[in-house]
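A short worksheet on the structure shown next.
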Amino acid sequence: MFKVIRSSAGAGKTHALVKHYLGLCLGTANTTAYRQVLALTFTNKAASEMRERAVEYLRKLSALDLEEGHMADVMQSLEATSGAAHEEIARRADAVLRHMLHHYGDVAISTIDAFTRRVARPFARDLRLDQSLRMTTDTGWYHDLAVDALISEAGTNEEVTRLLVQACEQLLEDDAPWDPADRLRALIHELEKERSIKPLEALSRLDAHSAMRIAKKLLEAMRAERERIRGVGQAGLQFLSGVDVSDGAWAYNYGIRSWFSKPASIRQDLGQP
């Protein structure tokens, strides 16, 4: 059985996890049933708290200390799932607690990364992994690895090659370095944000051909808008050239003329869409 419990902070998540955990441990007369139960959390603090809470609940159940509301809730849940009476649950809790304390290393309550490391370590040599299996939070290394893997597809994967060539052409048109690696790393950081979930879901329904067709239309629209802005700038300069006002008469020697000179100087397209 695999069960995931999700809730916000302070909503009783640890209590719910421990209650379900004990239901599996005490749902049978087998004192060592806890050895077949695996509970995973995200942090060491949460795993430590859950282990401590499990031991505390077992101690109180064995003593039938049910005055507190949360313990009454645990007992009620155990009665419903196991079908056993108070006294039988207390006996099982006492037996499990004694066995657990003498075999504490068998209590499988840990973090996800600790469990993964424990499973993978015997096969580290076969998987060509570091024998120490050190964990890292440096995502930059993985970002670089993903970008290098994508770029290495150029020349072998036709769709990826077309997309990368189009990306390089766009970089050149934007007067940026043609190497797309930096832009791809920046894109990874953006995709990791929560606001990118919906756009990614929409993009997942597009194949490479459709994505390139949409990008082509966007480029065409951008080029058309660029030409329109260039036309406005050039028309403004042409109008000002017919006005009998010297450059020195304008504020800072340029004034309103600079408002048109910058749009008029937008360079022409570098290539065809």
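Within the range 79-176, considering only helices (runs of 4 or more DSSP H) that don't extend past its boundaries, which have at least 2 residues that are within 30 Å of Leu64 (Cα to Cα)? Before the answer, list the steps.
Values: elements: 86-102, 112-120, 139-151, 158-173.
Answer list for the range 79-176: 86-102.
Across the range 144-199, the qualifying residues are those that are polar (S, T, N, Q) and closer than 17 Å to Leu218 by Cβ, and the one among them that is surrounded by the fewest Cβ atoms within 10 Å (Cβ to Cβ) is Gln166.
Across the range 27-45, the number of residues qualifying as farther than 23 Å from Glu87 by Cβ and surrounded by fewer than 16 Cβ atoms within 10 Å (Cβ to Cβ) comes to 7. Residues in the range 64-84 that are of a type outside the set (Gly, Ala, Ser) and under 18 Å from Gly27 (Cβ atoms): Met71, Asp73, Val74, Met75, Gln76, Leu78, Glu79, Thr81.
Taking the conditions (1) touching a residue at least 12 places away in the same chain (Cβ under 8 Å); (2) within 27 Å of Lys45 (Cβ to Cβ); (3) assigned to a loop (DSSP other than H, G, I, E, B) in turn, Asp65 satisfies each one other than (1).
When each of Leu184, Leu237, Leu171 is tested for being modelled with pLDDT of 75 or more, under 29 Å from Gly155 (Cβ atoms) and touching a Phe, Trp or Tyr at 6+ places or on another chain (Cβ under 8 Å), the lone residue that passes is Leu171. State whether the residues of the range 67-77 include one that is touching a Phe, Trp or Tyr at 6+ places or on another chain (Cβ under 9 Å) and either at pLDDT below 90 or surrounded by fewer than 16 Cβ atoms within 10 Å (Cβ to Cβ) (or both). Taking every residue of the range 67-77 in turn, at least one turns out to be touching a Phe, Trp or Tyr at 6+ places or on another chain (Cβ under 9 Å) and either at pLDDT below 90 or surrounded by fewer than 16 Cβ atoms within 10 Å (Cβ to Cβ) (or both).
Listed by first and then second residue, the pairs linking a residue in the range 106-130 that is closer than 26 Å to Cys25 by Cβ to a residue that is among the aromatic types (Phe, Trp, Tyr), with Cβ atoms under 9 Å apart and 6 or more places separating them unless they lie on different chains, are Asp106/Tyr34; Val107/Tyr34; Ala108/Tyr34; Ala108/Phe115; Ile109/Tyr21; Thr111/Phe42; Ile112/Phe42; Asp113/Phe42. Which of the residues that make up the range 42-69 are among the basic types (Lys, Arg) and more than 14 Å from Lys19 (Cα to Cα)? Matches in the range 42-69: Lys45 only.
Looking at the range 193-205, which of its residues are modelled with pLDDT of 80 or more and either touching a Lys or Arg at 6+ places or on another chain (Cβ under 7 Å) or among the acidic types (Asp, Glu) (or both)? Hit for the range 193-205 is Glu201, nothing else.
Scan the range 35-57 for residues that are of a type in the set (Phe, Trp, Tyr) and either without any contact (Cβ under 8 Å) to a residue 40 or more places away in the chain or under 25 Å from Gly69 (Cβ atoms) (or both) and report the count.
As a first pass, look at the range 35-57 and keep what is of a type in the set (Phe, Trp, Tyr): 42, 57.
So of that shortlist, the ones also either without any contact (Cβ under 8 Å) to a residue 40 or more places away in the chain or under 25 Å from Gly69 (Cβ atoms) (or both) come out as 57.
Total meeting the criteria: 1.
Within the bounds of the range 190-201, is there any residue that is under 29 Å from the mean Cα position of the chain (by Cα) and closer than 18 Å to Ala154 by Cβ? Among the residues of the range 190-201, not one is under 29 Å from the mean Cα position of the chain (by Cα) and closer than 18 Å to Ala154 by Cβ, which makes the answer no.
The values are calculated or read from the model by the stated rules, or taken from the named source; none is laboratory data. Please read all numbers here as calculations on a predicted model, not as lab measurements. As a convention, Cβ positions derive from the backbone with ideal geometry for all residues, glycine included, and neighbour counts pool all protein chains shown.
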